[in-house]
1. If I take the Cα coordinates of region 296-345 and project them onto the principal axes, what are the three extents in Å, biggest first?
2. Using all C-alpha to C-alpha distances in region 236-343, build P(r) with 5 Å bins and read off the rounded percent in each one.
3. At 7 Å along the Cα-to-beta-carbon direction for both residue 142 and residue 183, put a label point, then send me their distance in nm to one decimal.
4. Using a Förster distance of 35 Å, how high is the FRET efficiency between residue 344 and residue 228, based on the Cβ-Cβ distance and rounded to 0.05?
5. Ordered by packing density, taken as the mean number of other Cβ atoms within 10 Å over each peptide's residues, highest first, how do 86-93, 140-147, 283-290 rank?
6. Taking 2.2 N^0.38 Å as the expected size of a compact globular protein, what ratio does the Cα radius of gyration of region 84-229 give against it, to two decimals?
7. Pull out the extension gain between residue 81 and residue 103, defined as 0.36 nm times the separation in residues minus the alpha carbon to alpha carbon distance; nm, one decimal.
8. If you find the alpha carbon centre of region 227-247 and of region 151-204, how far apart are they in angstrom?
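Derivation of every value follows stated rules applied to the coordinates shown; laboratory data play no part. Note that this is a predicted model, so its numbers are computed, not measured. In this analysis, Cβ positions are derived from the backbone assuming ideal geometry, glycine residues included, and neighbour counts consider all displayed protein chains.
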């Protein structure tokens, strides 16, 4: 994927490990970057040792305008937000109207991009969690079991709860818009509300040796396995990083998600947000969205080639990004290359 620069002596040197630069033409002290015959920018030599890729600073101008990036940085319109809120309210009412659920200790909460304020205009569905606190799943320190914490089997199981949630939704949304999926119930969009995914959870407790625990949520897919999420920790960490970066973090997440949505094989938005979470705050401090986008993508693409990225976490910092998910670092680099090409950086 690396491209070369032809110097005056016709000696090729590595320029930059990104796709898109089919030919470059050297004229000291800069190199013109050409994509399919069109000049898209230039690279400036910052030392005499031009055979080292680190000695070039890219100053490539994007095809996507700063004005378009500004549009993508914004949350969805007020009308779209109202349709999202309508879906959330209707799901709460459906749970409250259920004879099987209304007397139980249940919390209905927003999760995903809408809850974290990283949703885009193109992808404005709502993810809603319905968690029952009367029963819970748990995980223990190595060498420990539930007996060490005085726990016993629950009488109200996850299977019972998912069945009750499904019946509550089907009863409330009477127009046949509810479909049971492997993990969640899908509620199709109408003119009044956006599409919604409703995931039933039991509380999850990650115990420490001293008996204290971190609280998350867990569901069991119909096809087996377990899914443990940490929505409160994810939300809190995202808010913190957004504040430290002067609100640039979530704006850049929306921009990268918007570009990702335009690629042939869009990656999950959750992966995009987690990748951006692992970018140091300093990379969000550039003067323009164009500069910030380039800085973020450059950092991610280069750092993902290093073993240290194996230790990256999700935004919650309670799960590994690559060790605990189906995607790999190379998958992430492929996604970033597609986004880079789509922006024509």
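1. So the three principal-axis extents are 35, 18, 18 Å.
2. 2, 13, 25, 26, 22, 11, 1, 0
3. That separation, rounded to one decimal, is 2.8 nm.
4. Working: r = 39 Å, r/R0 = 1.12.
It comes to 0.35.
5. Details: 86-93: 17.9, 140-147: 10.8, 283-290: 16.2.
Those peptides, ordered most packed to least, come out 86-93, 283-290, 140-147.
6. Details: Rg = 16.4 Å, N = 146, 2.2 N^0.38 = 14.6 Å.
With N residues counted in region 84-229, Rg over 2.2 N^0.38 Å equals 1.12.
7. Values: separation 22, 0.36 × 22 = 7.92 nm, distance 3.03 nm.
Stretched fully, the residue 81-residue 103 segment lengthens by 4.9 nm.
8. Between the Cα centre of region 227-247 and that of region 151-204, the gap is 25 Å.
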